[in-house]
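**Q** Let me give you the structure first, and then I'll get to my questions.
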Amino acid sequence: MHGLNEITAKIEIAFLPYKASMWDSMESVYLAASKDPEVHAVVVPIPYFEKDENGSLARKCYEIEEFPQNIPCTSYVDYDIKSVKPDIIYIHNPYDNFNYLTSVDPDFYSKELKKHCRRLVYIPYFCSNGGFSSALSFLYSYMWVNDIVVQSDAMRLCYNEIVDQSKFIITGSPKFDCVQEEHLEALELPLEWRTRKEGKQVIFFNTSLASLLGGSVKDYLRKIEYVFRQFQGREKYCLLWRPHPLLEETFQTLRSDYYSEYLRIKNFFLKDIAGIYDDTANISYAIACSDAYIGTESSSLVILFEAAKKPLFLFNEYIHSRPKELDEKGTLIHGRRDEWDDKYVITEGNNLFCLDEKGVFHFKCRLSENSMRMYGKVFEENHKLYICPLIPQEILVIDSDGSRRFIALRRHEEEYYAFHDAVRFGSFIFLLPMNYPFIVRLDLRTDRVSYIEIPNRFFWDLQNNEVIVGGYCIYQDFLMITSPSKSCVLAIHNESMEIQQFEFRELKDIGFTFIAPDPTGETLWLLPSHGFVVFCWNPSTGIILAFEDSMQEVSCYDFIHDKKIEDRPFSSMVFTEKGVLLAPFYGDRFRLLNLDDGSFQTWIPPFEIPKRPISDYYYSPFCGLIYRSSVVLDCELQTMGRIRYFSMFDRKLYEITDDLGDSIEIPICFEHSELIENCYGFSACSPWRRYGCYEDCFHTLEGFLDGNLPGKPFDIHAEIEDLEKIAVNTDGTCGQKTHEEVKRRFIQSIKGGSDDLA
């Protein structure tokens, strides 16, 4: 059908996959189109290039022979798109030339294809766990395609607002159609697989590209080898390992220093593990063969296994060993600046604990059925507990009789972290936002909520793939908030809520991650997002002074990416009798600023601090935090209490004397039996993380394989309910509904005379 005079001719639809392993993102749409008597559907695999380390097109690849035998394929050489001019073209590669690893042949970039069809449709090659990387929110190809298939209405929000909303077709993901039970049962597994799996449970192990490229390569490889060794001697299991199709190529080009180590670990699996190495193009075989999934949570395969109703055991990428007795605190506590100043604390898993008179935390209640921490700080007022949210857009209140109620906040579409922290200021609680567009003020006298609009992303920024957050403090009658990316400070009056903005134009775009008043209350001290400088600012006069430390004195190390850096040495600071004491972030030591002459010297604490996390379970991107404990006097929050340091690498809390000469450790103690009794097991995690069991000190891979995990057992109905929150048409009807909607739009455009050839 190429014009109004050919309305009765068959609609020509061309499917242009480039990788056979991604064909499942198109297959059910093609099958629906091929059965439509009004359509002529053709599959035309297109060539692609692997790029070299300089980003140039290198080796040409063509995978037409790797597609399923029941799918008739036509070579791109024999199907001249320029002369055929199909009515509709489907693609699943949106990158054109903007991919580090591969590129489809430039003749098949979206701009070129749009010249030779009436309707260009993009189906994502992946399915999403509820969101996706901001890098995918806008791509050049989105300007040329007519339609974008999305798996749920909420997924529209992940795309940049520049993308025309009318392009979205909300029919789900065709990949879900390929994991329906009847589809999987019809597959004939390779003979070698059937032999290796006979009489055993098959555990699917997924290693993704995202985990490799986004973190430490050493940790990535250690994790793979740790998993392999957990299966040694376990005759009950057959481990099916399916590396990402581009994993080995990525090691060769982007992580070449580690390629030989990867090959060593790969050969260890092939020689010493009684398992299945899956390098087939069709993921459906592995899903059909497997009884459970283990691996990263960042892969779209997680959602496919959830759709196939298989248990998910989702990895903590930093765990490479079995836990020891004292590793519990590493899992329970992730560290907030002053959460140990009160008798209540919320641990990972959303368990509320209360401190008794002997200094032991005891379980009080579970705040949420989600396993991911949903709430931050707890404030007690008139025998009521106000529990401040991190993710939910509501404040939880536990009244004196133990009953619960919620103070609802204005709804905002963003589902990721709504808030970063909360601070008590007299009779008010202020919620400090991450993705929420307002600072929230709760009046504890009336439970009335007020809102203060602030600039988008003022309080946080993404720099080098790291989330950096601003600082805050109480200064006279104001809540002071800094931006980590802008040279300015917001001052919010606690009563009137009036905002003043102070800008430091002479500092250009230096942001700040920490702010604190001096003991006199005259000046404010700030730590920048980058660099070795400490700033002193007098809001009354506008004068700002800079004190610069020496890079030669302090070494910095980034434990996330396992590399030395020259940035962000300090996390926090306090005023002492000896000067301003700065605690390390990436730095390897404390520094003491002498206010008399502006000089810096190293301070050696009277307690031992680890140089790095003491075990896999104590992972932290920074060393620790120093602060003065908060006390409430006459209903007013004061921050001139005792000096405390919370060490992240061993989760220990110390109290330090003002002369810096002595310290004591403040024990953080829990009852082990209460921790085990109140583990979550299999559960929903968060709006963007899926139902499953998440690896930690209590939920171990060994426990999963031995069948003795604590907490809730796997519940297939809970898994289905979780999937339906993020996807539509998970019943196998996506392909048919997608075809029907694209066909309807095409016919409508023909009748309306729109979408003509460029």
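The values are calculated or read from the model by the stated rules, or taken from the named source; none is laboratory data. As the structure is a prediction and not an experimental result, all values here were calculated from the model. Note that we place each Cβ from the backbone using ideal geometry, even for glycine, and neighbour counts take in every protein chain shown.
**Q** Which ones in region 522-568 are surrounded by fewer than 15 Cβ atoms within 10 Å (Cβ to Cβ), in contact with a strand residue (DSSP E or B) (Cβ under 9 Å, 6 or more places away or on another chain) and of a type in the set (D, E, K, R)?
**A** Matches in region 522-568: Glu548, Lys563, Lys564, Glu566.
**Q** So, in region 563-594, of the ones that are among the acidic types (Asp, Glu) and over 15 Å from Ser529 (Cβ atoms), which residue ends up farthest from the chain's Cα centre (by Cα)?
**A** Narrowing region 563-594 to residues among the acidic types (Asp, Glu): 566-567, 577, 588.
Keeping just the survivors that are over 15 Å from Ser529 (Cβ atoms) gives 577, 588.
Working: Glu577: 42, Asp588: 28 Å.
Ranking the candidates gives Glu577 first.
**Q** Hey, does region 164-172 have a residue that's buried (at least 21 other Cβ atoms within 10 Å of the Cβ), under 22 Å from Arg745 (Cβ atoms) and in contact (Cβ under 8 Å) with a residue 12 or more places away in the chain?
**A** The initial filter retains those residues of region 164-172 that are buried (at least 21 other Cβ atoms within 10 Å of the Cβ), namely 171-172.
Subsequent filtering for residues that are under 22 Å from Arg745 (Cβ atoms) retains 171-172.
Checking the rest, the ones that are also in contact (Cβ under 8 Å) with a residue 12 or more places away in the chain come to 171-172.
Within region 164-172, one or more residues are buried (at least 21 other Cβ atoms within 10 Å of the Cβ), under 22 Å from Arg745 (Cβ atoms) and in contact (Cβ under 8 Å) with a residue 12 or more places away in the chain.
**Q** Output the number of residues of region 307-326 satisfying the condition of being in contact with a helix residue (DSSP H, G or I) (Cβ under 6 Å, 6 or more places away or on another chain), more than 22 Å from Leu221 (Cβ to Cβ) and either in a helix (DSSP H, G or I) or at pLDDT below 95 (or both).
**A** Matching residues across region 307-326 total 1.
**Q** Can you pull out the residues in region 86-110 that are among the aromatic types (Phe, Trp, Tyr) and in a strand (DSSP E or B)? Outline the logic, then answer.
**A** Just the residues of region 86-110 that are among the aromatic types (Phe, Trp, Tyr), to begin with: 90, 95, 98, 100, 108-109.
Within region 86-110, Tyr90 is the sole residue that qualifies.
**Q** In addition: Considering region 363-410 alone, what residues qualify as being loosely packed, with under 13 Cβ neighbours inside 10 Å and touching an Asp or Glu at 6+ places or on another chain (Cβ under 6 Å)?
**A** Ala408
**Q** Which condition from (1) buried (at least 20 other Cβ atoms within 10 Å of the Cβ); (2) touching a strand residue (DSSP E or B) at 6+ places or on another chain (Cβ under 9 Å) is the one that Ala718 breaks?
**A** (1)
**Q** Looking only at region 687-706, count how many residues are under 20 Å from Glu328 (Cα atoms) and under 15 Å from the mean Cα position of the chain (by Cα).
**A** Within region 687-706, residues that are under 20 Å from Glu328 (Cα atoms) and under 15 Å from the mean Cα position of the chain (by Cα) number 1.
**Q** Quick one: Glu225 ticks every box in (1) touching a His at 6+ places or on another chain (Cβ under 9 Å); (2) within 27 Å of Cys734 (Cβ to Cβ); (3) charged (D, E, K, R) except a single one, so which number is it?
**A** All conditions pass for Glu225, except number (2).
**Q** Next question. Across region 140-153, what is the number of residues that are outside any strand (DSSP E or B), under 24 Å from Glu297 (Cβ atoms) and either among the small types (Gly, Ala, Ser) or touching a Pro at 6+ places or on another chain (Cβ under 9 Å) (or both)? Explain how you work it out, then say what you get.
**A** Filtering region 140-153 down to residues outside any strand (DSSP E or B) leaves 140-146, 151-153.
Now drop any that are not under 24 Å from Glu297 (Cβ atoms), which leaves 151-153.
Remaining after also requiring either among the small types (Gly, Ala, Ser) or touching a Pro at 6+ places or on another chain (Cβ under 9 Å) (or both): 151-152.
So the count comes out to 2.
**Q** In the set Leu120, Leu113, which member is assigned to a helix (DSSP H, G or I), at pLDDT 95 or above and either in the same structural domain as Thr253 (by TED's automatic domain parsing) or buried (at least 22 other Cβ atoms within 10 Å of the Cβ) (or both)? Let's see the steps before the verdict.
**A** Numbers: Leu120 fails: assigned to a helix (DSSP H, G or I).
Unique residue meeting the criteria: Leu113.
**Q** Exactly one condition in (1) farther than 18 Å from Arg628 by Cβ; (2) modelled with pLDDT of 95 or more is not met by Val534; state its number.
**A** Among (1) farther than 18 Å from Arg628 by Cβ; (2) modelled with pLDDT of 95 or more, Val534 violates only (1).
**Q** Mind telling me which of the residues Ile81, Ile91, Ile46, Ile64 ends up being modelled with pLDDT of 95 or more, surrounded by fewer than 20 Cβ atoms within 10 Å (Cβ to Cβ), hydrophobic (A, V, I, L, M, F, W, C) and not assigned by TED's automatic domain parsing to the domain that holds Leu247?
**A** Ile64
Every residue, every condition in (1) β-branched (Val, Ile, Thr); (2) surrounded by fewer than 16 Cβ atoms within 10 Å (Cβ to Cβ); (3) assigned to a helix (DSSP H, G or I); (4) in contact (Cβ under 8 Å) with a residue 24 or more places away in the chain, yes or no:
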residue: Leu239; (1), (2), (3), (4): no, no, no, yes
residue: Glu249; (1), (2), (3), (4): no, no, yes, yes
residue: Tyr262; (1), (2), (3), (4): no, no, yes, yes
residue: Lys266; (1), (2), (3), (4): no, no, yes, no
residue: Phe269; (1), (2), (3), (4): no, no, yes, yes
residue: Ala281; (1), (2), (3), (4): no, no, no, yes
residue: Tyr285; (1), (2), (3), (4): no, no, yes, yes
residue: Ile294; (1), (2), (3), (4): yes, no, no, yes
residue: Ser299; (1), (2), (3), (4): no, no, no, yes
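**Q** Which of the residues spanning region 569-595 are in a strand (DSSP E or B) and of a type in the set (Ser, Thr, Tyr)? Explain how you work it out, then say what you get.
**A** To start, the set of residues in region 569-595 that are in a strand (DSSP E or B) comprises 570-576, 579-584, 587, 590-593.
Listed by number, the residues that qualify are Ser571, Ser572, Thr576.
**Q** For region 21-43, enumerate the residues that are hydrophobic (A, V, I, L, M, F, W, C) and at pLDDT 95 or above.
**A** We begin by selecting, within region 21-43, every residue hydrophobic (A, V, I, L, M, F, W, C); these are 22-23, 26, 29, 31-33, 39, 41-43.
Hits for region 21-43 are Trp23, Met26, Val29, Leu31, Ala32, Ala33, Val39, Ala41, Val42, Val43.
**Q** Pull up region 204-218, narrow it to residues that are hydrophobic (A, V, I, L, M, F, W, C) and out of contact with any Gly (no Cβ under 9 Å at 6 or more places or on another chain), then point me to the one that is modelled with the highest pLDDT. Talk me through it step by step, then tell me what you get.
**A** First, the residues of region 204-218 that are hydrophobic (A, V, I, L, M, F, W, C): 204-205, 209-210, 212-213, 217.
If we keep only those that are out of contact with any Gly (no Cβ under 9 Å at 6 or more places or on another chain) too, we end up with 209-210, 212-213, 217.
Values: Leu209: 88, Ala210: 84, Leu212: 89, Leu213: 86, Val217: 92.
Of everything passing the filter in region 204-218, Val217 is modelled with the highest pLDDT.
**Q** Still on this structure: Against the condition among the hydrophobic types (A, V, I, L, M, F, W, C) and assigned to a strand (DSSP E or B), how does Ile162 come out, does it pass? Break it down into steps so the answer makes sense when it comes.
**A** Numbers: among the hydrophobic types (A, V, I, L, M, F, W, C): yes; assigned to a strand (DSSP E or B): no.
In short, no.
**Q** Being under 33 Å from the mean Cα position of the chain (by Cα), more than 30 Å from Ala684 (Cα to Cα) and free of Cβ contacts under 8 Å to residues at least 24 places away in the same chain is the requirement here; does Asn93 meet it?
**A** No: the conditions fail for Asn93.
**Q** Within region 165-191, how many residues turn out to be modelled with pLDDT of 95 or more and among the charged types (D, E, K, R)?
**A** Residues that pass the stated criteria total 3.
**Q** Is there a residue being surrounded by 15 or more Cβ atoms within 10 Å (Cβ to Cβ) and at positive phi anywhere in region 418-428?
**A** Step one: filter region 418-428 for residues surrounded by 15 or more Cβ atoms within 10 Å (Cβ to Cβ), giving 418-428.
Then keep just the ones that are at positive phi; that gives 426.
Looking through region 418-428, at least one residue is surrounded by 15 or more Cβ atoms within 10 Å (Cβ to Cβ) and at positive phi.
**Q** Taking the stated definitions as given, is Ala281 closer than 27 Å to Ser28 by Cα and either in contact with an Asp or Glu (Cβ under 8 Å, 6 or more places away or on another chain) or modelled with pLDDT under 95 (or both)? Before the answer, list the steps.
**A** Working: closer than 27 Å to Ser28 by Cα: yes; either in contact with an Asp or Glu (Cβ under 8 Å, 6 or more places away or on another chain) or modelled with pLDDT under 95 (or both): yes.
Answer is yes for this residue.
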